[in-house]
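Here's the structure, in C-alpha cells; my notes come after.
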C-alpha cells in the first residue's frame, strides 16, 4: 500500500491548457506579457535575453530579482491574472 | 501606478457602458450588480459618472467570451488569463472582455440567487439543513418536478425560507424567448435533444429551444449553469456523474488524476474512458466584481501597478472587504482629478496687489498640477502663448500648461497662474521673457507686470508708454524682430518708457497677432487658433493649428 501512485497524464479533449515544461511556460509568459521580444516604434524588434526578461518580470511582481526561473517566479507565472501585458508594446 | 503611453483617457466625464451578454455562472442581476459596483469603485474617487446603455455603442462594451472571442487576444481556458480590457478610445478601445471558461462568482463559491419560493430572491445559504441532512449545493430532494432548490437560511426546518436555483427548467437567458424555460425534448435540425446542447454553435455556450421544435419556431435561450455544474472542459454546465470510471478505476469524487496542473475534474457521464466527457469541478471561482473593477481601471486609462496591494496589480487575489489602494486612487486622480467638492468660502483678498505692497521675498507656493480634467487639447484657443524658461507656455483662464521646447517635449499641466505668479490676473493677453535679464513681461488689458524671479513690479499701464493696445505693442515688437538683441531692445524701451513705435507689417503674417515668440529657430505669430511660422529669411513657411502642431493633440 505504500507504493507511490503512478500518475498517467492524459490529454483531455477540449482542454486549452496543454501540458508544457516550466521553460516553455516561462517563455510563453514572458512573451505574452511583453517582457521578451519587444517591438519598438521604429518597428525594430529587440531581443531581450531571458534572464533580463525574468529580472524585469520579477521586479514588476515584487519578487527577488534573480534572473532565474526559480520556484517563486514559476508560481507567480501560474497564478490567475489579467491578460493585459505588463510591458507596453 | 502607471498610465498607458500618452496618458490615454476619456475626454468626457459621463462615461457610458453596455453589457453585451451574460455568463451562465451567475444570475444576470448579480452580474449587473457586480459591474455597477465595480464602476462605483472609480466614480467614488473621481468626477467620472457611469451610465448604462441598453443598445447602441457605449464607451465601454462589456462581454463574456471563450478562447477566440473576436479580438486578437484569445483566452486560455480555465484559470490563467481571467479577463482583459483596452485603454480609452474609439471602437474596441475601452472595451472589457471576461473569460467565460472561468467560474464567475462573488469570490467565495457559487453565488446562487434564487427565484420564486418565499425568499424574495435571496441568495442560497450553504450549507443548509433539510430534514436532518446537510446540503452544500442546491438539491431536488423533496420535490417531484426535478427543480433544484435551496434554503436561504441555515436551517430550512426552522425558518422555512427557500427559493429555486438556476436551472434550464426554470428559465433561460439571452436568445429570443424572453427568458422562457427550455422545453424537452426539442427538435433541432431534425434531431431530438433531451438537454441543453452546444450543437450548432462555435462559442461553446449551451442553449435549448423553448418550444418543442426549434426548426419550426426558431425560439431559443441560453441555459443557466447549475451550481453543481462543471466549468470548462467539453461538458460545460453538466453536473458531475459519480461514480465515474477513469482509466479503469472508479472515482466517487472530483480528482486531479491524469492532469499535471493539479486541478480537480470529474466526468459528466459514468465512464470517461468511453465517453470522454469531462469538466472542472466547481470551486470558489473568481470575484466578478474584483476582476471587473481591475479591468475598468484599464478601460479608464490605468496600466498595471507593481504595488502588490493595489487593485491594478496584475495578479488576482480575493479580498473580502475591498477598498481602493492609495496607489490606485493617485493613478486615477492623475488622469481625471478628484471628486469635485463644493466651493468653500474664502477670505477676500486683493486680486491684483499694489506693487508697492508686494514683498519680493514672498515665496510662492510650489507649482503643482490642478484639475487635470482641464485638457489643453479641448481648448480651441489660448489667451496667450509664449516661450519662457526654455518652455512653451500656454495660458488660459487662470491656468497654464507648459511644454519643453525640445523635440520630445511633453505637455504638462494645467498649473495655476496665481500660484506661480500671484500678482497676475487670470487672463494673460500676452507674455514674453527677456532672455538677457530673464525678466518676464505679462500683459493683460492695458496693464503689464514684470517678474524678476519672484519679485514683481506692476501693474503699470501700457498707455503711459504710448501704446494704445496690445496689438500696438506687437507692431512695436515686430519692428525689431530680426535685430540681434530684439527682446533686450524691446525690454529697454519698456523700461525707459520711451517706445519707438514703427508700424511695420510683415508680408504674410496677421498684423493683429496676439502672440509672437521664438521657438525652435522660427518666429511664431499666433492669432485665434492658428499660427504663422516665419523663418530667418522673413518667409512664412508654414501656417497651421496651434492645437495639432504645437500641442500635438
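No lab work stands behind these numbers, since they all come straight from the coordinates. Predicted model only: the values in this text are computed from it and were never measured. Neighbour counts run over all protein chains shown; Cβ positions are idealised from the backbone, glycine included.
Under the shape rule built on the C-alpha gyration tensor, where the axes satisfy a ≥ b ≥ c, region B:37-76 is prolate, since a/c reaches at least 1.5 and a/b is greater than b/c.
Neighbouring Cβ atoms from other chains, within 10 Å of the Cβ of residues in B:310-319, number 3 on average.
Ordered by the number of other Cβ atoms lying within 10 Å of each residue's own Cβ, fewest first, B:149, B:421 fall into the sequence B:421, B:149. Partner shielding of B:71-81 amounts to 4, given as the average count of beta-carbon atoms from other chains within 10 Å of each residue beta-carbon. Between residue B:145 and residue B:306, the distance separating the two model label sites (each 7 Å from Cα on the Cα→Cβ line) works out to 5.9 nm. Cβ-to-Cβ counts within 10 Å put B:196, B:281 in ascending order as B:281, B:196, the fewest first. Legend: mean number of C-beta atoms from other chains within 10 angstrom of residue C-beta atoms, peptide A:21-33, equals 1. Packing, as the average of other Cβ atoms within 10 Å across residues, places the peptides A:73-85, B:526-538 in the order A:73-85, B:526-538, highest first. For region B:83-236, rounded, prolate or oblate, judged on the Cα gyration tensor with a ≥ b ≥ c (square roots of eigenvalues), a/c < 1.5 rounded, else prolate if a/b > b/c? Oblate, since a/c reaches 1.5 and b/c is not below a/b.
Potential lengthening of the chain between residue B:20 and residue B:37 amounts to 4.4 nm, from the contour at 0.36 nm per residue minus the alpha-carbon distance.
Here the contact order of region B:167-280, divided by its residue count and restricted to Cα pairs under 8 Å and six or more residues apart, works out to 20 percent. In terms of other Cβ atoms within 10 Å, B:417, B:218 run from fewest to most in the order B:218, B:417. Using the Cβ-Cβ distance between residue B:192 and residue B:120 with R0 set to 35 Å, the FRET efficiency from 1/(1 + (r/R0)^6) comes to roughly 0.40. Relative contact order for region B:146-198: what percent, with Cα pairs under 8 Å and sequence separation of 6 or more? Reported as a whole number, the value is 22 percent. Sorting B:5-15, A:50-60 by their mean Cβ neighbour count within 10 Å, with the most densely packed peptide first, gives A:50-60, B:5-15.
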